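The values are calculated or read from the model by the stated rules, or taken from the named source; none is laboratory data. Keep in mind that this is a model prediction, so the values were computed, not measured. So basically every Cβ, Gly included, is an ideal-geometry build from the backbone, and we count neighbours across all protein chains shown.
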Amino acid sequence: MSMSGARPLNPGRWLGVPMLLCIVATVVFSAPIRIWGLQLPEPVFAMVPAFAWALIRPSILAPFAILLLGLFLDIFWGGPTGLWGLALLVAYALVLILRNMMTGQSRPMLWIWFAGATAVAMTAGFLFTMLDSLAMPSLLAVFWQFLVTALLFPFAHRLLDRFEDADVRFR
């Protein structure tokens, strides 16, 4: 059996493992490590499954998993409860609505779609933060977080490649 073949859509494999990897990556990248005086970037790793799960197979479990990842981010980073959960769900909904246009696109085009979905999530998070705190967050910090999150597309593409043909309804 080839290792590059389709994997069955077992919820533990296509939902649980990516969730666990996002949590571990978030914790690792939040470590107070400084290299030449610069701290590690803090990308929103949960954006990877939020994008990929909407393209792989719409499911009732994926939005709940995204909400849990968002709530983890809120608790871990000390933000307002529901901020990242709502921002990630907005991006997930957008990708789900535009799923038919994204299916079958080339890798560079999917990267552009991923960057667009990331921009929507970051904009939603920016606006929700502004509404909650009645102050404007740093635009430069939001831009850098967007940039490092958009660079995570190869992981989303890998997740797509791993499970995209596992749904028997599309064979």
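Sort through Leu94, Leu61, Leu73 and tell me the only one that's touching a residue at least 40 places away in the same chain (Cβ under 8 Å), of a type outside the set (Gly, Ala, Ser) and buried (at least 16 other Cβ atoms within 10 Å of the Cβ).
Checking each option against the conditions leaves just Leu73.
Against the conditions (1) out of contact with any Leu (no Cβ under 7 Å at 6 or more places or on another chain); (2) crowded, with 18+ Cβ neighbours inside 10 Å; (3) modelled with pLDDT of 90 or more, where does Leu159 fall short? Just the number, please.
Condition (3) is where Leu159 drops out.
Could you please let me know if Ala25 is at pLDDT 90 or above, out of contact with any strand residue (DSSP E or B) (no Cβ under 6 Å at 6 or more places or on another chain), under 30 Å from Ser106 (Cβ atoms) and buried (at least 19 other Cβ atoms within 10 Å of the Cβ)?
So Ala25 does not fit the description; no.
Out of the residues in the stretch 126-157 that are over 13 Å from the mean Cα position of the chain (by Cα) and not hydrophobic (A, V, I, L, M, F, W, C), which is farthest from Gly70 (Cα to Cα)?
The extreme case among them is Ser138.
Tell me the residue from Thr129, Thr103 that is on the phi < 0 side of the Ramachandran plot, loosely packed, with under 15 Cβ neighbours inside 10 Å, among the β-branched types (Val, Ile, Thr) and in contact (Cβ under 8 Å) with a residue 40 or more places away in the chain, please.
Going through Thr129, Thr103 in turn, the sole match is Thr103.
Only one of (1) crowded, with 16+ Cβ neighbours inside 10 Å; (2) in contact with a Phe, Trp or Tyr (Cβ under 9 Å, 6 or more places away or on another chain); (3) under 22 Å from Leu21 (Cα atoms) fails for Leu67. Which number is that?
Unmet for Leu67, out of (1) crowded, with 16+ Cβ neighbours inside 10 Å; (2) in contact with a Phe, Trp or Tyr (Cβ under 9 Å, 6 or more places away or on another chain); (3) under 22 Å from Leu21 (Cα atoms): (2).
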